[in-house]
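The structure under discussion appears below in the form of structure tokens.
The values are calculated or read from the model by the stated rules, or taken from the named source; none is laboratory data. Remember, it's a predicted structure, so these values are computed and weren't measured experimentally. Every residue, glycine as well, gets a Cβ built from its backbone with ideal geometry; the counts of neighbours run over all protein chains shown. With ligands, DNA and RNA removed, areas are computed over all heavy atoms of the protein, side chains included. Shrake-Rupley method; radii C 1.70, N 1.55, O 1.52, S 1.80 Å.
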Amino acid sequence: MSHCHSTSQYLACLMFMRNFCLALVLFTISLPAAKAPQAGISITPHDRLTLNAELKSLQVKIDEIGEHALLPDIIIFHNAVHYALDDNMFYKPEDVPNAKHLLSLGHQRADQLKAGKHPWTKETGLVVRGYKSTLDDSVIPYGLDIPSELSLQIHKNKRLDIWLHGRNNTLSEIRFLTERLKKTSQFRPQNTIVLHPYGRFCNAYKFAGEKDVMESLHHVRSQYSIDNERTALRGFSMGGAGAWHLGAHYADQWAAVAPGAGFVDTAKYQDIFKKEPKPTWWEQKLWKLYDVPPIAGNFLNTTTVAYSGETDKQKAAADLMALAFKREGMKLTHIIGPKTGHKYEPKAKEEVSRQVDAAVNNGNNAYASKVQLTTHTLRYNRMKWVSVYGLTQHWKEARVEAEYLGNHQFRVKTQNVTKLMLGKLKGPDQGTTKYTITIDNQKLATKPDRHAPLMFLRTGTRWEAVKSLAQNNLTKSPGLQGPIDDAFLSRFVFVPPNADPINKSTGEWVQQEMKGAISQWHRQFRGNVIVKNSSELSAVDRASNLILWGDPKSNPMIAKIAGQLPIEWTEKDIRIKDKSWPANRFVPVLIYPNPMNLRRYIVINSGFTFSEFGHMSNSMQNAKLPDYAVLDMRVPIAERIPKGVAHAGFFGENWQLTESEGNN
């Protein structure tokens, strides 16, 4: 099925689902309604007709323009109103005139672009723009606050600050764009562009929200002259939570990180072990994707200036981070607003600004002599000139403490690392140069090719210098390490079934889950899933992560790879080692390297795994399933964790079923 940049893709996907499934009838049991985004108010039939007419007119202009790099700057206005109409996201009467204004701006930009002009790309003040996401080809908006004085500094690289907004379950695209065209930034440093990512709604900048921050940052850097060493990351409340985890995971990107309030973990913030149901063992491991205290050492690579109101309950999160800093031998700068709740106190805000400005003026020093990386997954494998490409075991702490001593010498200490890469801090003038590396008290010498990094492989307890870290056998590697939700952090395509299922219950369950996954991706991440029949996949699609729906009988792609998966699935049963479950009551879900393209994933029968938690605290928006699971089709999705999980586990570092498979 073809897809377009405009919002018609979403409705087309749903129409495709209805028409494509041949003799199958969509399962009629209704899905639990997601509470995020919040339901809106009714608008008058006249307003609806007027907005739809303007949408249609703008869509004609968009189609006439065709492919153009600046087209997303127009589509953001179309999408904002289209989504609000389709998703019932008008929340106050003023949203209607605001929608009309946004459409008028869309028409204005379309007319300008058709005439070969694009003045908004040179505007100062409050500007809204958009980009086409690599995840799902959807167009996502962002806002900019550009000081007027920067118009005179055409060739000078500018400082960039990122501001992450707080939670608001009514933050429709209309409301986001309207605010970004009217409201100046909380912090407005001189000679600084401020970027306001939408974050794909309200997810604490995790998963697709995380991707949006990094993609919008990349887009701004491609459109404006930005000093990459003078970028600051800030946020408050939910935005503070985002600043904490993005600050830790990408510490080498920021000259300063300034979280205001915001949670830093799941268990303590939720007091979760006093609640029912108790979290499963695999959920507790998966908290390590976004819990910040265990990776506090990464803040060694940047400057951190935290803020809390003295009486704000969320001050406890920064206090927790202060303890985590102390365990790493660091001290957290924690500015506290006296007698203040969940907001900035004016004098404390000034001090935050002063310290952040000083740090940004110093820059982030990409070639610092000391680098520290802590991670539990190869999803986050890099810090400045240090990269990790293999772990002894995922979800256990992995650390690298590296120091460049000068004169082509390094000293490195590692933990739970099997493959390591070091960048050269200073390239030789000619030929090759001998490097001396002391790694875990083992001294090595190597002469890498002139433009090659330094690479090391550990076997047992011994390290060796190598020319390449590539291996012939299947291994977990960066971007190919799971869990299921990891497949939705790069481009993915849904491939539905197109034949009769192995049994009626499986067919109905698959249709229900697929329909829900398409809907929930749109509702909670404000994009549109690409859905294509297996016979329609392009070369680009086949180079994407493929989300295969169905079973070995109903989906030819599942049938093609079934024999190469570690889980057996027949018409009779599902089998994992010596365990089995009847196929008319249970279904497997899993992530695995695509046997047809080992650099990408296949996922069988799962969208993102926390769709039922979107209305809850952002601290609960975590991956809910590991690499694989066997689900009881009789248990509703709202009760699935843990009642509906018959079995679950993580694959080993070679994507194999481990000896402790399904236990811990």
### Message
Is there a quick way to get the dipole size of the range 153-253? I mean about its Cα centre, with the Cβ of Lys and Arg at +1 and of Asp and Glu at -1; what is the value in debye to the nearest 20?
### Response
320
### Query
Quick one: putting +1 on the C-beta of Lys and Arg, -1 on the C-beta of Asp and Glu, what dipole do you get for the chain around its Cα centre, in Debye to the nearest 20?
1220
### Task
Would you mind computing, in nm to one decimal, how far apart the modelled labels at residue 350 and residue 188 are, each placed 7 Å from Cα along Cα→Cβ?
1.8
## Note on the structure
Sorted by chain and then number, the residues having a modelled amide H within less than 5 Å of the amide H of residue 90, at least 5 places away or on another chain, are 40, 41
### Query
So, with a 1.4 angstrom probe, what is the percent of accessible area on the chain that is carbon and sulfur?
50
### Query
Of 386, 191, 36, which is farthest along the charge dipole of the chain in the positive direction, counting Lys and Arg as +1 and Asp and Glu as -1 at C-beta?
386
## Note on the structure
Other residues with Cβ under 10 Å from the Cβ of residue 484 give, with Lys and Arg +1 and Asp and Glu -1, a net charge of -2
### Query
For the range 60-174, what class follows from the C-alpha gyration tensor (a ≥ b ≥ c being the square roots of its eigenvalues): rounded when a/c is under 1.5, otherwise prolate if a/b is larger than b/c, else oblate?
oblate
### Task
Work out how much length residue 434 to residue 48 would gain on full extension: take 0.36 nm times their residue separation and subtract the Cα-Cα distance, in nm to one decimal.
131.9 nm
### Query
Dipole of the chain (Lys/Arg Cβ +1, Asp/Glu Cβ -1, origin at the Cα centre): which of 497, 201, 80 lies farthest to the positive side?
201
### Pair residue 464, residue 539: separation of 7 Å Cα→Cβ label points (nm)
3.8
### Task
Using packing as a proxy for protection, rank 352-365, 622-635 so that the peptide with the highest average count of other Cβ atoms within 10 Å comes first.
622-635, 352-365
### Query
Under the Karplus relation 6.51 cos²θ - 1.76 cosθ + 1.60, θ = phi - 60°, what is the ordered set of whole-Hz ³J(HN,Hα) values for the range 132-144, x standing for Gly and Pro?
8, 6, 6, 5, 9, 6, 6, 8, 10, x, 8, x, 10
### Task
Using a/c under 1.5 as the rounded threshold, could you call the range 476-634 rounded, prolate or oblate? The axes a ≥ b ≥ c are square roots of the C-alpha gyration tensor eigenvalues, and prolate needs a/b larger than b/c, oblate otherwise.
rounded
### Task
Could you tell me whether the range 516-562 comes out rounded, prolate or oblate from its Cα gyration tensor? Rule is a ≥ b ≥ c as square roots of the eigenvalues, rounded for a/c under 1.5, then prolate if a/b exceeds b/c, otherwise oblate.
oblate
## Note on the structure
Whole-Å distance linking the alpha carbon centroid of the range 325-377 with that of the range 588-608 is 39
### Between the range 509-566 and the range 33-74, the Cα center-to-center distance that results, in Å
27
### Task
Determine the calculated [θ] at 222 nm for the chain from helices alone, applying -39500 (n - 2.57) to every DSSP H run no shorter than 4 residues and normalising by the residue count; nearest 500 deg cm²/dmol.
-8500 deg cm²/dmol
### Summary
For the table 553/577; 92/211; 331/370; 326/347, the rows whose alpha-carbon distance is greater than 28 Å are 92/211
#### Entry: Among 322, 651, 292 - extreme Cα towards positive end, dipole of the chain, charges at beta-carbon
322
### Message
Counting heavy atoms of the protein chains only and a 1.4 Å probe, report the per residue accessible area for the range 550-626 as a whole number of Å².
### Response
38
